[in-house]
Amino acid sequence: MSWRDTYIKQSFRTRRAAGGLLVFIALPITLIWLRFGLPLAWEFDDLLFVLGGPGLLLTGLWAAFPQASPQIRMIIGDEIVKIYVGQAEHIVKLCDLQQITKTRPLTSKSDRLAFETADGSVVFDVIQLTHEADDILNLISIRLEGQGRHLHQVRTDVLGAPSGIWTVAQGNPFERDA
């Protein structure tokens, strides 16, 4: 991999923000419970009630400072696109790329990209990444321009609406059709 490659990985922004909010809420609750609840705790059940505040605080700290490495990663290079989902690695060669399909399943909040090659297809969910699906398509199109090709969005017959399918076309993407 070279210095020109684009690294896309799973973002923990939402988790960190939620953890920070939980710490912000749990810290005063913990201090109040420890000040007024701990001296009155005579039985085991009372002690469990008092430990709820520190439990929330520890959960917020755990969420605010994740220790796990990103499970979803993507590396866009000049020749290949590497997709890592957990331990699985998928390699899509840009010279073999035929089309990319962008869909959003009915029950999903994120987009799904399907890379079609002569060897088969690779489906990749774009969820909580540092780049959106449109940014990924633009980055791949830029890499294809170095090879004299580009991504061209297919339009439907119904008033020319975008279809969500990008095919790989030869030539300059900014040439006008005569």
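The values are calculated or read from the model by the stated rules, or taken from the named source; none is laboratory data. As the structure is a computational prediction, the values presented were derived from the model and not from experiment. Counting neighbours? That spans all protein chains shown, and the Cβs are built from the backbone with ideal geometry, glycine included. Side chains are part of the model used for accessible areas, which takes the heavy atoms of the whole protein and leaves out ligands, DNA and RNA. Shrake-Rupley method; radii C 1.70, N 1.55, O 1.52, S 1.80 Å.
A few points about this structure:
- The lone criterion from (1) farther than 20 Å from Gly171 by Cβ; (2) charged (D, E, K, R); (3) in a helix (DSSP H, G or I) left unmet by Asp125 is number (3).
- The set of residues from region 73-100 being under 16 Å from Thr167 (Cβ atoms) and in contact (Cβ under 8 Å) with a residue 40 or more places away in the chain comprises Leu94, Cys95, Leu97, Gln98, Gln99, Ile100.
Here's the yes/no breakdown for (1) among the polar types (S, T, N, Q); (2) within 14 Å of Ile83 (Cα to Cα); (3) open to solvent by 40 Å² or more (accessible area, probe 1.4 Å):
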residue	(1), (2), (3)
Leu113	no, yes, no
Val123	no, yes, yes
Ile127	no, yes, yes
Glu132	no, no, yes
Ile136	no, yes, no
Leu144	no, no, no
Gln147	yes, no, yes
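- In region 7-22, the residues that are out of contact with any Lys or Arg (no Cβ under 8 Å at 6 or more places or on another chain) and either open to solvent by 90 Å² or more (accessible area, probe 1.4 Å) or farther than 30 Å from Asp125 by Cβ (or both): Arg13, Thr14, Arg16, Leu21
- Residue in region 156-163 that is modelled with pLDDT under 85, more than 21 Å from Ile8 (Cα to Cα) and either in contact with a helix residue (DSSP H, G or I) (Cβ under 6 Å, 6 or more places away or on another chain) or not in a loop (DSSP other than H, G, I, E, B) (or both) present: yes
- Filtered by the rule that a residue be part of a helix (DSSP H, G or I) and either within 28 Å of Ile83 (Cα to Cα) or not hydrophobic (A, V, I, L, M, F, W, C) (or both), region 10-27 gives Arg13, Thr14, Arg15, Arg16, Ala17, Ala18, Gly19, Gly20.
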